[in-house]
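One structure below.
The values are calculated or read from the model by the stated rules, or taken from the named source; none is laboratory data. Computed from a predicted structure; not experimentally measured. Here the Cβ positions follow ideal geometry from the backbone for every residue, glycine too, while neighbour counts run over all protein chains shown. These area figures cover heavy atoms from the full protein model, side chains too; ligands, DNA and RNA do not enter into them. Shrake-Rupley method; radii C 1.70, N 1.55, O 1.52, S 1.80 Å.
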Amino acid sequence: MSNESLANLLKEERRFAPPADLAAAANVTAEAYEQAKADRLGFWAAQARRLSWETEPTETLDWSNPPFAKWFADGRLNVAYNCVDRHVENGLGDRVALHFEGEPGDTRRITYAELQREVSKAANALTELGVQAGDRVAIYLPMIPEAVVSMLACARIGAPHSLVFGGFSADALATRINDADARVVITADGGYRRGKASALKPAVDEALTRPGTENVRSVLVVRRTGQEDVAWTEGRDVWWHELVESQSEQHTPQAFDAEHPLFILYTSGTTGKPKGILHTTGGYLTQVSYTHQAVFDLKPETDVFWCTADVGWVTGHSYIVYGPLSNGATEVLYEGTPDTPHQGRWWEIVQKYGVTVLYTAPTAIRAAMKWGDDIPAKFDLSSLRILGSVGEPINPEAWVWYRKHIGADRTPVVDTWWQTETGGMMISPLPGVTETKPGSAQVPLPGIAATVVDDDANEVPDGAGGYLVLTEPWPSMLRTIWGDDQRYIDTYWSRFENRYFAGDGAKKDDDGDIWLLGRVDDVMLVSGHNISTTEVESALVSHPKVAEAAVVGAADPQTTQAICAFVILRGGVDADDEGLVEELRAHVAKQLGPIAKPKRILPVAELPKTRSGKIMRRLLRDVAENRTLGDVTTLTDSSVMALIQSQLPGTT
Ligand code: 6R9
């Protein structure tokens, strides 16, 4: 970004107070901020006692070698014991841990006692395959219970897992297997997506022909679809139902150091090879456990929690597996897409299981907006009491739609900002405390220190924009980039001294609340002003004809960059309406000022997204500047770019 700080254009005046009954019974009250402020490390030491330690830690933070943190370093614990066994020992064995709903409609109900048996068998199976503490295991599975069981089995034996999204290409899988030097791959014959069985195992077979994957000794294969003719490599491939099912249901978990590696998760980044983000045991579990019960006000006896993320995304790691299970929650695990076999599938699931807390991404909310209000209206969603959002800035209009049409204008919406690197939530309202503002993540959670700075690392005043930074270490922070300490320092700790640079633009409003404005790489420079893509997108989405928008800055001889917007229209709107583009341009100018008026607006049917639902603006920039497309390997659907290109004026 240039020295011109981020223009602060959007004004959002709507406010929503916490419901009185929720506030009165909330797990966390305003006092937590005071406590954490008075003694930050004491606050986290107290949160660590939520867990069961074999050896209680006496140290909290060791920051003697920054930016390499150690949290609770002399403590020892087992993550799987904390997520499973201790609940059984506490008499909760009959509580449902997972309500699994397969895309074709098959279901499984897994109690904590059953989960303990499944995880124990899988841990024994991995041990039989020669996996030892410290060995890496790659997991390439659909959203089925075996994914959760595999992760917990790895944690149980101290073997760091590395999940790769089911459906990533063989290349992406091979790169990740190679970088982590994985010894075992856990996969399935296939999974169900969009009403079809799609194969997974062939991608593993192909990945294992690539150089650098030779150390993979075994491939453990779950039979999910049963429809594929599965190619088999004798001596390497083993069926889950043969190996795991034959194991003992007893397994004694062994404690590991708090800083023992728990998992590696790759973030693609925009350039260069993927970064293997390393998370460890005690601090990670402390923060995901705390934030899950604080931000969702979790009442494990009565709540039914549903995080719609894929387990291959950090959101699935922290808020399907480790956060909820460490808290003894009952949760839904859904395999498929929101519109299979119909566009009300999610709302049908909420109704069926009586989901009380729903955690999803803006992309899904905008898709539901596009499909129409009448679809969720057909279902009984009255069980819902808290709604969460994660993954991208949520446009104020999508936030308000979510609260109104899913939450009956009654439930708090918590917009949670965090990253793969932060491991757990960092900035979010608390549902029983914070008066919420649509579109803003608002305040750092108790025990978290974040602010917004300008180019020279000075904190910006209220009302101004700049870069989001984290100013103190936090328990679930990444410990390094796997195998590359220098890249860890360069990427996160070099832009500003002693501060973690998140890579996101942000502003503080007049109350000092934080608004996220998108990745710094996406910020546009228009006639000397830095303008956030998020704000222009939110202005477009606030027009009743627009469901979703992606905005990029395209090189322009007059203004350095010109704002170019791709919009998805709401159901029933005519894309060929001549006046539409002018109407939308005028709308943005009215909302944000003439500087933010897009030069071009192109209605499209789809936008390019990553598997976690983030818009890939860099590909749209390639289109807007008539360049060959960059790396598309992390796209959910690679045909989307061809579709967009075919819809551009001047192409056929
Ligand atoms: C959890 C997750 C991290 C990036 C992050 C930011 C964006 C996530 C957000 C948000 C605005 C929110 N992001 N949550 N932006 N408001 N509530 O998404 O991790 O996949 O690593 O992405 O996502 O840009 O820097 P990850």
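Among the residues of region 560-579, the one identified as open to solvent by less than 50 Å² (accessible area, probe 1.4 Å) and over 23 Å from ILE615 (Cα atoms) is GLY579.
For ASP511, the conditions (1) in contact (Cβ under 8 Å) with a residue 40 or more places away in the chain; (2) within 19 Å of the chain's Cα centre (by Cα); (3) surrounded by fewer than 23 Cβ atoms within 10 Å (Cβ to Cβ) all hold with the exception of (2). How many residues are open to solvent by 20 Å² or more (accessible area, probe 1.4 Å), over 26 Å from HIS279 (Cβ atoms) and either charged (D, E, K, R) or assigned to a strand (DSSP E or B) (or both) when one looks only at region 416-468? Total satisfying the criteria: 6. When we screen VAL523, VAL460 for residues that are within 16 Å of the ligand (Cβ to nearest atom) and among the β-branched types (Val, Ile, Thr), the only hit is VAL523.
Against the definition (farther than 25 Å from PRO261 by Cα and either open to solvent by 40 Å² or more (accessible area, probe 1.4 Å) or β-branched (Val, Ile, Thr) (or both)), how does THR107 come out, yes or no? Yes; evaluated as a whole, the condition is true for this residue. Under the condition of being more than 8 Å from the ligand (Cβ to nearest atom), assigned to a loop (DSSP other than H, G, I, E, B) and among the hydrophobic types (A, V, I, L, M, F, W, C), the residues counted in region 379-415 number 4. If LEU200 satisfies every condition in (1) crowded, with 22+ Cβ neighbours inside 10 Å; (2) in contact with a helix residue (DSSP H, G or I) (Cβ under 6 Å, 6 or more places away or on another chain) but one, which is the exception? Unmet condition: (2).
Looking only at region 311-330, residues that are in a helix (DSSP H, G or I) and aliphatic (A, V, I, L, M) come to 4 in all.
Collect the residues in region 88-100 that are under 26 Å from the mean Cα position of the chain (by Cα) and either farther than 19 Å from PHE305 by Cβ or open to solvent by 10 Å² or more (accessible area, probe 1.4 Å) (or both), keeping them in residue-number order.
From region 88-100, those under 26 Å from the mean Cα position of the chain (by Cα) are 96-100; that's our starting set.
Across region 88-100, the qualifying residues are VAL96, HIS99.
Of all the numbered requirements in (1) within 16 Å of the ligand (Cβ to nearest atom); (2) polar (S, T, N, Q); (3) in a loop (DSSP other than H, G, I, E, B), ASN498 misses one, and that requirement is (1).
Can you confirm whether LYS370 is in contact with a strand residue (DSSP E or B) (Cβ under 7 Å, 6 or more places away or on another chain), surrounded by fewer than 19 Cβ atoms within 10 Å (Cβ to Cβ) and of a type outside the set (Asp, Glu)?
Details: in contact with a strand residue (DSSP E or B) (Cβ under 7 Å, 6 or more places away or on another chain): yes; surrounded by fewer than 19 Cβ atoms within 10 Å (Cβ to Cβ): yes; of a type outside the set (Asp, Glu): yes.
In short, yes.
Close contacts from region 394-415, counting a first residue that is modelled with pLDDT of 95 or more and a second that is open to solvent by 20 Å² or more (accessible area, probe 1.4 Å) and of a type in the set (Ser, Thr, Tyr), with Cβ to Cβ under 7 Å and a gap of 6+ residues or different chains, come to PRO396/SER542; GLU397/SER542; ALA408/SER382.
If only residues of region 313-333 that are in contact with a strand residue (DSSP E or B) (Cβ under 7 Å, 6 or more places away or on another chain) and either among the polar types (S, T, N, Q) or open to solvent by 10 Å² or more (accessible area, probe 1.4 Å) (or both) are counted, the one that is farthest from ALA113 (Cα to Cα) is THR315.
Scan the strands (runs of 3 or more DSSP E) fully inside region 178-269 and keep the ones with 3 or more residues being free of Cβ contacts under 8 Å to residues at least 60 places away in the same chain and among the hydroxyl-bearing types (Ser, Thr, Tyr).
Those strands (runs of 3 or more DSSP E) do not exist here; none qualify.
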